[in-house]
Amino acid sequence: MNLHKFSHLASVYDETRPVPEELLLFFRNEVINYLRTNCAEKKRYSLLSIGIGTGRAELSLWSKNVELYGIDINKEMLKVAKQRNRSVYTCVANALEIPFSHSFDLVSMIHTIQFVKPITKFYTQLKSVSKNVCIGDLYTSLYDNIIVSYYVNELEKNNYFTPSNSLDKVEKELEKWGNQVIKNKEIRAKIKLEKIYKIIKSQSLSRFWNVPLEIHVKVMQSLDYFIKKEKIELYEEVTTPAKAILRFIDLN
Ligand SMILES: C[S@@+](CC[C@H](N)C(=O)[O-])C[C@H]1O[C@@H](n2cnc3c(N)ncnc32)[C@H](O)[C@@H]1O
């Protein structure tokens, strides 16, 4: 996976990966509840976000009661987070070499662990900075609609398979890490097909980054033809699942 692509995406990252406000609130409330239940009572909790990116998800955790630190390997993504909230301590760093020696009340890692390898080395690093971690994902599904289904099918017809980039791949490993509490929420979100079309066309989703340009162009032509033939109105909104999946782990 070419992580440098995040540099080109930083300015459009949040609009190409929307998260409904309701899910951000759920994330925030669950993290606060976990801190209150599992850490000694404090005026201010300290929280480290690994792979904070633009802060799309994790900036919602910052408050006067939560001191937020964020690291990311990509400085462009981090720059956006810092511009949004100057009170967050940010630092360019690799999850495999966490540059802190003190302990945080909680580490949060949203839609990032699947990029960090080897996961066993990461586990050792993680344990040195916290006893608690929240690993998860917050997203509006861009895959449950006619346009992306058609695009993926056409890729397959061209012998190109796009592996899913979800958390499922590391779930088995995470289950070994300690006692867990899983919190999920699913709602329905609305999104315009036009927006999905633009996201596909610009190859913004990491699952499609590696599709060779000639295949992408060919499949887009086929998609354009399909849209015309089926009289699909791109300005229409579709309803799609939006999910928060949070796995709180007490590291043993
Ligand atoms: C998909 S984005 C998620 C960003 C943010 N957590 C969110 O939910 O919007 C993944 C982020 O992880 C960062 N990342 C990937 N591998 C990393 C590593 N080894 N160490 C630190 N950050 C990493 C990327 O640069 C990117 O900003």
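The values are calculated or read from the model by the stated rules, or taken from the named source; none is laboratory data. Because the structure is predicted, anything quoted here is derived from the model rather than measured. We place every Cβ from the backbone using ideal geometry, glycine too, and count neighbours over all the protein chains shown.
At-a-glance table
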| read-out | value |
| --- | --- |
| Residue in the stretch 98-121 that is in contact (Cβ under 8 Å) with a residue 60 or more places away in the chain, touching a Ser or Thr at 6+ places or on another chain (Cβ under 8 Å) and polar (S, T, N, Q) present | yes |
| Conditions (1) away from the ligand (no atom under 11 Å from the Cβ); (2) in contact with a helix residue (DSSP H, G or I) (Cβ under 9 Å, 6 or more places away or on another chain); (3) part of a helix (DSSP H, G or I); (4) at pLDDT 90 or above: number failed by GLU22 | (2) |
| Flag if LEU155 is buried (at least 17 other Cβ atoms within 10 Å of the Cβ), more than 15 Å from the chain's Cα centre (by Cα) and within 17 Å of LEU35 (Cα to Cα) | no |
| Residues that are surrounded by 20 or more Cβ atoms within 10 Å (Cβ to Cβ), in a loop (DSSP other than H, G, I, E, B) and out of contact with any helix residue (DSSP H, G or I) (no Cβ under 8 Å at 6 or more places or on another chain), drawn from the stretch 102-145 | HIS111, THR112 |
| Hits in the stretch 124-145 (condition: within 13 Å of the ligand (Cβ to nearest atom) and of a type outside the set (A, V, I, L, M)) | GLN125, CYS134, GLY136, ASP137, TYR139, THR140 |
| Some residue of the stretch 154-168 being in contact with a Ser or Thr (Cβ under 6 Å, 6 or more places away or on another chain) and within 30 Å of ALA93 (Cβ to Cβ) | yes |
| Within the stretch 165-200, tally of residues that are among the β-branched types (Val, Ile, Thr) and within 18 Å of SER141 (Cα to Cα) | 5 |
| Answer from LYS176, LYS190 - the residue that is away from the ligand (no atom under 16 Å from the Cβ) and either crowded, with 18+ Cβ neighbours inside 10 Å or under 25 Å from LEU9 (Cα atoms) (or both) | LYS190 |
| Odd one out for LEU3 among (1) away from the ligand (no atom under 15 Å from the Cβ); (2) modelled with pLDDT under 95; (3) of a type in the set (A, V, I, L, M) | (1) |
| Residues (aliphatic (A, V, I, L, M) and either touching a Phe, Trp or Tyr at 6+ places or on another chain (Cβ under 8 Å) or at pLDDT below 95 (or both)) located in the stretch 31-81 | LEU35, ALA40, LEU47, LEU48, ALA57, LEU61, VAL66, LEU68, MET77, VAL80 |
| Looking only at the stretch 27-64, and only at residues there that are of a type in the set (Asp, Glu) and out of contact with any Ser or Thr (no Cβ under 8 Å at 6 or more places or on another chain), the one that is farthest from the ligand (Cβ to nearest atom) | GLU41 |
| Members of the stretch 209-238 found to be farther than 13 Å from ILE147 by Cα, touching a residue at least 12 places away in the same chain (Cβ under 8 Å) and out of contact with any Leu (no Cβ under 8 Å at 6 or more places or on another chain), listed by number | TRP209, ASN210, PRO212, HIS216, LYS218 |
| Residues (out of contact with any strand residue (DSSP E or B) (no Cβ under 7 Å at 6 or more places or on another chain), charged (D, E, K, R) and either at pLDDT below 95 or more than 12 Å from the ligand (Cβ to nearest atom) (or both)) located in the stretch 85-120 | ARG86, LYS117 |
| Matching helices (runs of 4 or more DSSP H) fully within the stretch 161-252 where at least 1 residues are under 21 Å from GLN114 (Cβ atoms) and modelled with pLDDT of 95 or more | 193-201 |
